[in-house]
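One structure is given here, and the rest of the page talks about it.
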Amino acid sequence: MPTRPFTPLLCLAGSLLLLPQAGCRSHQYAHVLKDHQQDMVGSHEAGAETFNSLVDESVGKLLARQAPPGAVDELSGEPVAKRICFVGVENFSSEDIGDFKDQLFEQIDSSVAASGQFQTVSTRYVENGLRQLRLLPGDLMVPQNMRSFSTVMEQSGQPFDYLMFAKLTSGTTESNKSYQRDYLLTLELVDLNTGRSDKESAKVRKGYHPNRFSGWMKYSGSTSR
């Protein structure tokens, strides 16, 4: 029986038929990071490796500088932790931090509460108070707004001694196709009774490069630019 010639044209036609099927077969893989494993480093913007470090350092440095609580519970004789009203994270960096904004808030709030040095006011009460007065966190620096907000919180059974703000900023230095971005997280603690404020910041510097070789050349110890 004669065989049909297997021409290059038939081979090309068969390949084209298979292309759409091959293109539709994409896969996504994931794995759970253990506690001892490092955070993944974002290739285009800040990620967990940046934000986790900023929160740990800024909260630790700020609380370490605060005087221990002076009031003592009359029944137990134990020190009474002062209450902090944390009103939110402001993002003034060049990046849209997306869902990290809410996570930053929770991380800072939880870190302050876990220190045992202060108590934190429930986020739900804070949001409800601001919504009721139609205020933004920055509006609380106006004395009248502050008094109104304090009154609303006291009526809700949530008096506080301090306001706390968090602000994320960034600065970018470009070098050809590579660039360095410095991330700065600043925490500000405002004493409601005296009006005095205390600030503490943490910085993470991060380099971005078009390829691995560019990054190696920048930081291999060479003095050339």
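Key figures for this structure:
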quantity: All positions within region 92-101 that are modelled with pLDDT under 90 and open to solvent by 90 Å² or more (accessible area, probe 1.4 Å); calculated: 96, 99
quantity: Test: residue in region 122-134 that is outside any helix (DSSP H, G or I) and open to solvent by less than 70 Å² (accessible area, probe 1.4 Å); calculated: yes
quantity: Some residue of region 63-81 being among the hydrophobic types (A, V, I, L, M, F, W, C), modelled with pLDDT of 90 or more and within 19 Å of residue 167 (Cα to Cα); calculated: no
quantity: Output for region 196-209, where each listed residue is open to solvent by 50 Å² or more (accessible area, probe 1.4 Å) and at pLDDT 85 or above; calculated: 196, 197, 199, 203, 205
quantity: Residue in region 142-164 that is crowded, with 16+ Cβ neighbours inside 10 Å, closer than 26 Å to residue 50 by Cβ and at pLDDT 90 or above present; calculated: yes
quantity: Test set (1) at pLDDT 85 or above; (2) open to solvent by 40 Å² or more (accessible area, probe 1.4 Å) - residue 89 fails condition number; calculated: (2)
quantity: Every pair of residues 6+ apart whose Cβ atoms lie under 7 Å, when the first sits in region 204-216 and is assigned to a helix (DSSP H, G or I) while the second is open to solvent by less than 30 Å² (accessible area, probe 1.4 Å) and at pLDDT 75 or above; calculated: 214/178
quantity: Tally, over region 107-120, of residues that are assigned to a helix (DSSP H, G or I) and surrounded by 13 or more Cβ atoms within 10 Å (Cβ to Cβ); calculated: 7
quantity: Condition check for residue 173: more than 24 Å from residue 100 (Cβ to Cβ), loosely packed, with under 12 Cβ neighbours inside 10 Å and hydroxyl-bearing (Ser, Thr, Tyr); calculated: no
quantity: Inter-residue pairs, beta-carbon under 7 Å, first in contact (Cβ under 8 Å) with a residue 60 or more places away in the chain and in region 96-109, second part of a helix (DSSP H, G or I), 6+ apart; calculated: 104/51; 104/55; 108/55; 108/59
quantity: Any hit, region 121-133, residues being without any contact (Cβ under 8 Å) to a residue 40 or more places away in the chain and among the basic types (Lys, Arg); calculated: yes
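The values are calculated or read from the model by the stated rules, or taken from the named source; none is laboratory data. From a predicted model like this one, the values you see are computed outputs, not experimental measurements. Every residue, glycine among them, receives a Cβ derived from its backbone with ideal geometry; neighbour counts consider all protein chains shown. Side chains included, ligands, DNA and RNA excluded: accessible areas come from the protein's heavy atoms. Shrake-Rupley method; radii C 1.70, N 1.55, O 1.52, S 1.80 Å.
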